[in-house]
1. Quick check on this structure: which one of Pro89, Pro58, Pro14 is closer than 27 Å to His104 by Cα, out of contact with any Ser or Thr (no Cβ under 7 Å at 6 or more places or on another chain), surrounded by fewer than 16 Cβ atoms within 10 Å (Cβ to Cβ) and not acidic (Asp, Glu)?
2. Across the range 109-144, which residue is farthest from Ala28 (Cα to Cα) among those that are charged (D, E, K, R) and either outside any loop (DSSP other than H, G, I, E, B) or touching a residue at least 24 places away in the same chain (Cβ under 8 Å) (or both)?
3. Taking Ile88 as the residue in question, decide whether it is β-branched (Val, Ile, Thr) and over 13 Å from the mean Cα position of the chain (by Cα).
4. Can you pull out the residues in the range 96-108 that are assigned to a loop (DSSP other than H, G, I, E, B) and either closer than 16 Å to Asp11 by Cα or in contact with a Leu (Cβ under 7 Å, 6 or more places away or on another chain) (or both)?
5. Quick check: is even one residue across the range 121-133 within 11 Å of the chain's Cα centre (by Cα), under 30 Å from Ser3 (Cβ atoms), of a type in the set (Ser, Thr, Tyr) and at pLDDT 95 or above?
6. Can you pull out the residues in the range 58-108 that are free of Cβ contacts under 8 Å to residues at least 12 places away in the same chain and among the acidic types (Asp, Glu)?
7. Looking only at the range 92-120, which residues are farther than 21 Å from Ala5 by Cα, out of contact with any helix residue (DSSP H, G or I) (no Cβ under 6 Å at 6 or more places or on another chain) and crowded, with 16+ Cβ neighbours inside 10 Å?
8. Of all residues in the range 64-86, count the ones that are closer than 26 Å to Thr128 by Cβ, in contact with an Asp or Glu (Cβ under 8 Å, 6 or more places away or on another chain) and crowded, with 16+ Cβ neighbours inside 10 Å.
Amino acid sequence: MNSPAQILLIDDNPADLELTRDVLATSARVGRVVSALNGDDALAVLRREGKYAGATPPALIFLDLNLPGTDGRAVLQQIRKLPELRTIPVVVFTTSQAPHDIEHSYQLGANCFVSKPGNLHDFVSVVTAVEEFWLKIARLPRQG
């Protein structure tokens, strides 16, 4: 990735958002980090609607499943329906470890499923590893 990437964090837990944002801020590969506290705002950002009309498409999305209003499953389903969003990697990043949630997320088009670790050290390591894989190792199509 040549220029710093924009990341979209979709999570209703402000502490998890802040911690994830702080970890991503340490990477030279990450430019702007945008966050949405619910699925409806996330979809508005992704569709560039209303106050998000000038939003840049993210290079990577971290998506929690359990959101107020439109939940993460429905957000993922909508992302995969829209051709302009379809190639953006979506990492389901959630507290769930339920086999049904894992299987269903992949069926809906998630690129990977990561359970949020319960301790700070592992949380930082996981976010760093996900960012490194998707923005350093993986080859992604250019977003226009």
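The values are calculated or read from the model by the stated rules, or taken from the named source; none is laboratory data. What you are looking at is a predicted structure, and each value in this text was computed from that prediction instead of being measured. Ideal geometry is used to build each Cβ from the backbone, glycine not excepted, and the neighbour counts take in all protein chains shown.
1. From the options Pro89, Pro58, Pro14, the qualifying one is Pro14.
2. It comes out as Lys116.
3. no
4. Ser96, Leu108, listed by residue number.
5. No: zero hits.
6. The one that is free of Cβ contacts under 8 Å to residues at least 12 places away in the same chain and among the acidic types (Asp, Glu): Glu103.
7. Those that are farther than 21 Å from Ala5 by Cα, out of contact with any helix residue (DSSP H, G or I) (no Cβ under 6 Å at 6 or more places or on another chain) and crowded, with 16+ Cβ neighbours inside 10 Å: Thr94, Ser96, Asp101, Ile102, His104, Ser105, Lys116.
8. Matching residues across the range 64-86 total 4.
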